[in-house]
Amino acid sequence: MTGRETFHVSVVTPEQAVLETDAVFASFPAHDGEYGVMQGRAPLLCQLGIGVLRVDDGEKQNYLFIDQGFAQMVDNKLTILTEQARKPSEIERAEVEEALRHAQEEPLQGAEHMWADERLVKIRRAKIQLKVTEMDID
């Protein structure tokens, strides 16, 4: 760990605690865009989107695919509660490519907002997981 000021990061799914570490910076996908936090951040509570959580401990980057939920930053503790959090090594690329193909073949549901259309959510989920498989976690 570097001499920079840190905060604690916890990532929890309904099944398990996925990550517990100290960090100098973290970014995560919120429902309305990407958020970045550092030590001393004002309290925050927001709804998560689907995307990549990046945690920088000052020496290396950790990446996780996260799938909706909530983020809270209070008293220099970032807590991510999410439906799923997967490390790049835990994502089966062939399985995700197959899910992407199936989602792309589904008919559009005619929803006015992209998040209301489950087909588009499935496509986004698969594309982001494929992106995460290319990220280095070591």
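Key figures
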quantity: Highest-MSF residue in the chain out of D117, D57, D22 [GNM, Cα springs under 10 Å]; calculated: D117
quantity: GNM result for the chain, Cα springs below 10 Å: residue of L100, L64, L48 fluctuating most strongly; calculated: L100
quantity: Exposure rule at most 14 other beta-carbon atoms within 10 Å, DSSP loop trypsin sites (Lys or Arg not before Pro): the chain longest free segment; calculated: 61-138
quantity: Under DSSP loop assignment and at most 15 Cβ neighbours within 10 Å, longest GluC sites (Glu not before Pro)-free interval of the chain; calculated: 16-58
quantity: Rounded if a/c under 1.5, otherwise prolate or oblate - segment 1-120, Cα gyration tensor axes; calculated: prolate
quantity: Local electrostatic count, T6, Cβ distance below 14 Å [Lys/Arg +1, Asp/Glu -1]; calculated: -3
quantity: Within the chain, helix-based [θ] at 222 nm, where runs of 4 or more DSSP H residues each add -39,500 (n - 2.57), nearest 500; calculated: -7000 deg cm²/dmol
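Any read-out appearing in this document is the output of simple, stated calculations on the displayed coordinates, not a laboratory observation. Since this is a predicted model, take the numbers as computed values, not measurements. Note: ideal-geometry Cβ built from the backbone for every residue, glycine included; neighbour counts use all protein chains shown.
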